[in-house]
Amino acid sequence: MDHFLYRGGALHAEDVPVAEIAASVGTPFYLYSAATLERHYRVFTEALSPLPHLVCFAIKALSNTAVLKLLGDLGAGMDVVSEGEYLRARAAGVPGERIVFSGVGKTRGEMRTALEGGIRQFNVESEPELLALSEVASAMGVTAPITVRVNPDVDAKTHAKIATGKKENKFGIPITRASEVYAQAARLPGIEVVGIDVHIGSQITDLDPYEQAFLRVADLTRQLRAEGHDIRRLDLGGGLGIPYTRGNEAPPLPAEYGAVIKRTVGDLGCEVEIEPGRLIAGNAGLLVSSVIYVKSGEERDFLILDAAMNDLVRPSMYDAHHDIVPVVEPEAGVEMLPYDVVGPVCETGDTFARARPLPPLAAGDLVAFRSAGAYGAVMASEYNSRPLVPEVLVKGDHAAVIRARPSYIEMLNRDVIPDWL
Ligand code: LLP
């Protein structure tokens with residue numbers, strides 16, 4: 001459920017008409033609903049209760065500091081994968097003890113920043129990383145709390161580019177070698193083992209792979225405890241999928257996912273962490289765009305929008321589907337036309353949808369891409385020298401620009417022409 005609904009024939013974000021925001025901000029822009037973000041966070045905490053737990057929002061899905069503050073103020077932790085994300089979490093007021101640091105390539109500099117600023121744990125992904133962290137922490141005279149990310153070799157049955165838990169993927173340490181790596185971690189100075197981490201992929205719509213992975217983690221917990229390690233925290237990753245096509249998809253609910261967690265690891269007495277990104281942010285955001293032209297094609301008409309693949313790359317990168325809705329509610333029974341929905345960027349890949357049924361649209365009309373809150377703005381680029389798309393947050397009848405559209409001057413001034421040229 002989200003808070004983007006038609007009221008009196010006009011699409012609203014909570015209590016604010018989307019067209020009103022478009023008139024003041026200009027298109028394209030991302031638009032987030034605070035109530036939806038809050039609801040999705042609460043659904044997870046309820047799903048995990050009464051287990052001791054922390055829901056760590058995966059910042060990579062949506063990293064605007066206003067959104068992080070909103071979630072942080074509700075008590076959320078944060079999952080970061082870079083120094084930049086760490087600094088964003090801190091800038092949003094999230095204390096280090098609620099931040100977990102994931103990622104396969106943490107640099108020594110990144111480790112130092114997190115150790116200085118405070119960190120709940122590093123999710124270590126390789127032996128070289130473990131050694132580097134031991135060196136950095138020892139040199140600083142501190143102890144780094146860690147989990148080791150294990151790769152359980154399960155098929156998450158999702159898009160190949162976002163599956164992470166198979167043995168051929170670059171992530172984690174093979175679960176079969178965990179015992180050896182934990183023994184090494186226990187011997188290293190500056191390292192304190194606190195738990196186990198696993199993350200098997202994203203947009204997962206079947207609970208079976210989770211069940212298999214968590215059962216392996218439960219077995220490993222017992223084994224590592226028997227080997228003398230104090231395993232007290234389990235980070236079970238993120239990845240729960242969302243419906244991208246309204247009315248057609250029913251991915252498992254967070255409550256059902258929570259039930260799998262309780263069934264598989266609930267009796268171990270561990271604190272459970274999860275790292276959802278998409279489920280919290282995905283359906284809490286729209287990308288709003290205007291029609292520039294309607295162009296007649298050989299087979300169908302093209303709807304040429306002012307949003308492009310640089311603003312929302314998921315369709316061209318993963319063949320992802322996003323529902324597209326007109327901002328003015330179509331009349332009941334209006335005849336739908338099949339449009340090829342494209343952006344102005346100079347490549348054929350800049351296609352959002354083919355033969356998409358939409359009510360007749362004309363230049364100047366507004367449309368909204370649904371489910372664009374996660375992996376939308378964060379993956380935007382300035383390709384074709386199109387300034388980064390702005391972001392707006394709505395809460396009740398308040399709307400605020402939470403990242404402004406850069407001016408062309410700002411964009412141009414980042415380049416430097418050397419004086420010897
Ligand atoms: N934790 C770790 C270690 C991850 O790598 C990810 C996502 C998450 C948590 C959050 O997963 P989520 O709950 O959002 O599924 N750009 C792609 C998605 C990439 C996901 C990468 N890792 C997309 O647009 O579909």
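Consider Val104 against the criteria (1) within 14 Å of the ligand (Cβ to nearest atom); (2) within 22 Å of Leu279 (Cα to Cα); (3) out of contact with any strand residue (DSSP E or B) (no Cβ under 8 Å at 6 or more places or on another chain): it satisfies all of them except one. Which criterion is unmet?
(2)
Residues checked against (1) of a type in the set (Ser, Thr, Tyr); (2) in the same structural domain as Ser202 (by TED's automatic domain parsing); (3) within 24 Å of Ser33 (Cα to Cα):
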| position | (1), (2), (3) |
| --- | --- |
| Ala58 | no, yes, yes |
| Ala61 | no, yes, yes |
| Ser82 | yes, yes, no |
| Val94 | no, yes, yes |
| Ser102 | yes, yes, no |
| Asn123 | no, yes, no |
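Yes or no: segment 351-359 includes at least one residue that is assigned to a loop (DSSP other than H, G, I, E, B), surrounded by 14 or more Cβ atoms within 10 Å (Cβ to Cβ) and of a type in the set (A, V, I, L, M, F, W, C).
Taking every residue of segment 351-359 in turn, none turns out to be assigned to a loop (DSSP other than H, G, I, E, B), surrounded by 14 or more Cβ atoms within 10 Å (Cβ to Cβ) and of a type in the set (A, V, I, L, M, F, W, C).
Determine which member of the set Ala399, Ala374 is in a loop (DSSP other than H, G, I, E, B), in contact (Cβ under 8 Å) with a residue 12 or more places away in the chain and buried (at least 19 other Cβ atoms within 10 Å of the Cβ).
Answer to the selection: Ala374.
Return yes or no: is Ala137 touching a residue at least 40 places away in the same chain (Cβ under 8 Å), closer than 26 Å to Ile119 by Cβ and touching a Ser or Thr at 6+ places or on another chain (Cβ under 8 Å)?
yes
Among the listed residues Glu192, Glu273, Glu256, which satisfies the condition of being in a helix (DSSP H, G or I), modelled with pLDDT of 95 or more and not hydrophobic (A, V, I, L, M, F, W, C)?
The conditions single out Glu256.
Consider Gly228 carefully, then state whether it is surrounded by 22 or more Cβ atoms within 10 Å (Cβ to Cβ), more than 19 Å from Lys166 (Cα to Cα) and not charged (D, E, K, R).
no
Of the numbered conditions (1) over 23 Å from Leu253 (Cα atoms); (2) surrounded by 23 or more Cβ atoms within 10 Å (Cβ to Cβ), Val25 satisfies every one except a single condition; which is it?
(2)
For segment 371-410, name all the residues that are in contact with a helix residue (DSSP H, G or I) (Cβ under 7 Å, 6 or more places away or on another chain) and either closer than 30 Å to Met336 by Cβ or among the hydrophobic types (A, V, I, L, M, F, W, C) (or both).
If the condition is that a residue be in contact with a helix residue (DSSP H, G or I) (Cβ under 7 Å, 6 or more places away or on another chain) and either closer than 30 Å to Met336 by Cβ or among the hydrophobic types (A, V, I, L, M, F, W, C) (or both), then Ser371, Gly373, Ala374, Tyr375, Val378, Val389, Val392, Leu393, Val394, Ala399, Val401, Ile402 are the ones that fit.
Those residues that are in contact with a helix residue (DSSP H, G or I) (Cβ under 7 Å, 6 or more places away or on another chain) and among the small types (Gly, Ala, Ser), I need them from segment 83-108; list them, please.
Matches in segment 83-108: Ala89, Ala91, Ala92, Gly93, Gly96.
Is there a residue being within 22 Å of Tyr318 (Cβ to Cβ) and either of a type in the set (Ser, Thr, Tyr) or at pLDDT 95 or above (or both) anywhere in segment 152-167?
yes
Of the conditions (1) of a type in the set (A, V, I, L, M); (2) surrounded by fewer than 17 Cβ atoms within 10 Å (Cβ to Cβ); (3) touching a Gly at 6+ places or on another chain (Cβ under 6 Å), Ala308 satisfies every one except a single condition; which number is it?
Just one mismatch for Ala308, condition (2).
Across segment 107-128, what is the number of residues that are away from the ligand (no atom under 16 Å from the Cβ) and more than 11 Å from Pro145 (Cβ to Cβ)?
Residues in segment 107-128 being away from the ligand (no atom under 16 Å from the Cβ) and more than 11 Å from Pro145 (Cβ to Cβ): 10 in total.
Taking the stated definitions as given, is Val367 modelled with pLDDT of 95 or more and crowded, with 19+ Cβ neighbours inside 10 Å?
Considered against the rule, which asks whether it is modelled with pLDDT of 95 or more and crowded, with 19+ Cβ neighbours inside 10 Å, Val367 comes out as yes.
Of everything in segment 352-399 that's of a type in the set (Ser, Thr, Tyr) and over 15 Å from Leu287 (Cα atoms), which residue is farthest from the chain's Cα centre (by Cα)?
Ser385
All but one of (1) surrounded by fewer than 16 Cβ atoms within 10 Å (Cβ to Cβ); (2) in a strand (DSSP E or B); (3) out of contact with any Asp or Glu (no Cβ under 9 Å at 6 or more places or on another chain) hold for Val325, so report the exception by its number.
(1)
Within 16 Å of the ligand (Cβ to nearest atom) and closer than 28 Å to Val148 by Cα: is that true of Gly228 in this structure?
For Gly228, the condition - within 16 Å of the ligand (Cβ to nearest atom) and closer than 28 Å to Val148 by Cα - is not met.
Would you check if there is a residue in segment 239-253 being more than 27 Å from Val378 (Cα to Cα) and among the aliphatic types (A, V, I, L, M)?
Checked against the condition, which is being more than 27 Å from Val378 (Cα to Cα) and among the aliphatic types (A, V, I, L, M), segment 239-253 yields no hits at all.
Yes or no, residue by residue, for (1) of a type outside the set (A, V, I, L, M); (2) assigned to a helix (DSSP H, G or I):
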residue	(1), (2)
Ala139	no, yes
Thr147	yes, no
Val154	no, no
Asn169	yes, no
Ala213	no, yes
Arg225	yes, yes
Ile231	no, no
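Among the residues in segment 287-304, are any over 30 Å from Val148 (Cα atoms) and within 16 Å of the ligand (Cβ to nearest atom)?
yes
Suppose we keep only residues that are surrounded by fewer than 16 Cβ atoms within 10 Å (Cβ to Cβ) and free of Cβ contacts under 8 Å to residues at least 24 places away in the same chain within segment 140-190. Which one would you say is nearest to the ligand (Cβ to nearest atom)?
The qualifying residue nearest to the ligand (Cβ to nearest atom) is Ala160.
The values are calculated or read from the model by the stated rules, or taken from the named source; none is laboratory data. Note that this is a predicted model, so its numbers are computed, not measured. Neighbour counts are summed over all protein chains in view; Cβ atoms, including those assigned to glycine, are modelled from backbone coordinates with ideal geometry.
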